[in-house]
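For reference, the structure discussed in these notes is given below.
None of the figures in this text is laboratory data; all of them are computed from the coordinates on show. Only a predicted model underlies this, so the values are computations on that prediction, with no experimental measurement involved. So basically every Cβ, Gly included, is an ideal-geometry build from the backbone, and we count neighbours across all protein chains shown.
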Amino acid sequence: MDNVQPLVSIIMPAYNAEATLEESIKSVLAQTLQDWELIIAVDAATDGTLAIALGWQNKDSRIRVIFEEVNQGVAGIRNLAMAQASGKYIAFLDSDDLWLPEKLSMQLSFMSESGARVCYSAYRRFDKQGPLNIVMPPDRVDYPRLLRGNVIGNLTGVVERSLVDGIWFERVGHEDYLFWLKVLARAGVAYRVPGNAPIAEYRVAENSLSANKVRNMRWQWHIYRKELELPLAQSLYFMASYVILAFYKRAGLRSLFFSVKPGGK
């Protein structure tokens, strides 16, 4: 695939991920859609992450490794990888998460047939004991609905690369959420790939950034008030919606489809 533009560029940040990186890479290699490039961005790792990534780069020309000696954080390292992406589409997979084999083919076929520029899917949450629950997002989401809380699992998101020109991840804690808000502000709407079965798996680690609920709420409030500069009343409304959505997401309830309209501007 040298000098040939891949259909999709996969962005994989990796920091001290030697325990999970290989499994994540293998889930990419197992994709039924094989027209991709995998950019593994190793962020100042101090364990065997770089050696594992380079080993796979030597085995498959579609895998490319970026190494930064100074820690960039997940937002910064993703941006460096995105700047080198050459595919028509961009997808994201962290170095501890997994894709099921049909993931890319299902999403890219749907986007080609429907004209959708942004696509996401259901995914399964799991930990070292096994499966936890399935997160089932709504079949479509626009910018106003996304303000109530993030329903786009980053490991499931696929977006046209041309759509994200000039859009980058920012170091705001919930960098995934702010990124997808910016994408939908430009795209208008995103769609879930048809079907209810999960096609990706999100690993819940004991030291996961998503484990601290109070900190997460502070991050969310910062996005509403500082990044988006929403009025206080709107921020309070969306904050309440965020808390409810987070509960349903972790509980795996179908009520994730809830719809509440604000009572005024």
I'd like the Karplus ³J(HN,Hα) series for region 178-191: coefficients 6.51, -1.76, 1.60, θ = phi - 60°, whole numbers in Hz, and an x wherever there's a Gly or Pro.
5, 4, 6, 4, 5, 4, 6, 4, 8, 7, x, 8, 10, 10
Spelling it out for residue 10: with amide H atoms placed in the peptide plane at 1.01 Å from N, the residues 5 or more places away or on another chain with amide H under 5 Å from its amide H are 37, 38, 39, 91
Students often get this wrong, so try it: which of (1) 57, 42, 39; (2) 94, 39, 38; (3) 49, 36, 28 is Cα extents along the principal axes in Å as calculated from the structure shown?
(1)
With an 8 Å Cα cut-off and a minimum separation of 6 or more residues, compute the relative contact order for region 113-209 in percent.
46
Of the peptides 51-58, 90-97, how do they stack up when ordered by the mean number of other Cβ atoms within 10 Å, highest first?
90-97, 51-58
Which whole-number percent gives the relative contact order of region 1-96, counting Cα pairs below 8 Å spaced six or more residues apart?
46
Going by amide H atoms built from the backbone, whose H comes under 5 Å of the H on residue 200, apart from near neighbours?
100, 124
The farthest towards the positive end of the charge dipole of region 1-145, of the residues 67, 41, 112, given +1 on Cβ of Lys and Arg and -1 on Cβ of Asp and Glu, is 112
When the Karplus curve 6.51 cos²θ - 1.76 cosθ + 1.60 is applied with θ = phi - 60°, which whole-Hz ³J(HN,Hα) does each residue of region 13-23 get, with x for Gly and Pro?
x, 9, 9, 6, 10, 4, 6, 10, 4, 4, 5
On each of the three principal axes of the Cα atoms of region 1-96, give max minus min coordinate, whole Å, ordered largest first.
33, 24, 20
Protection proxy ranking, peptides 185-193, 10-18, average beta carbon neighbours within 10 Å, highest first:
10-18, 185-193
Taking 20-31, 126-137 and ranking on average Cβ neighbours within 10 Å, highest first, one gets 20-31, 126-137
With an 8 Å cut-off on Cα pairs and a minimum separation of 6 or more residues, tell me the relative contact order of region 39-136 in percent.
20
For the chain, what is the calculated [θ] at 222 nm in deg cm²/dmol (nearest 500), taking -39500 (n - 2.57) for each run of four or more DSSP H residues and dividing by its residue count?
-10500 deg cm²/dmol
Given region 140-203, report the % of alpha carbon pairs whose separation exceeds 17 Å.
41
Sequence-distant residues sharing a close amide H with residue 17 (under 5 Å, placed H):
49
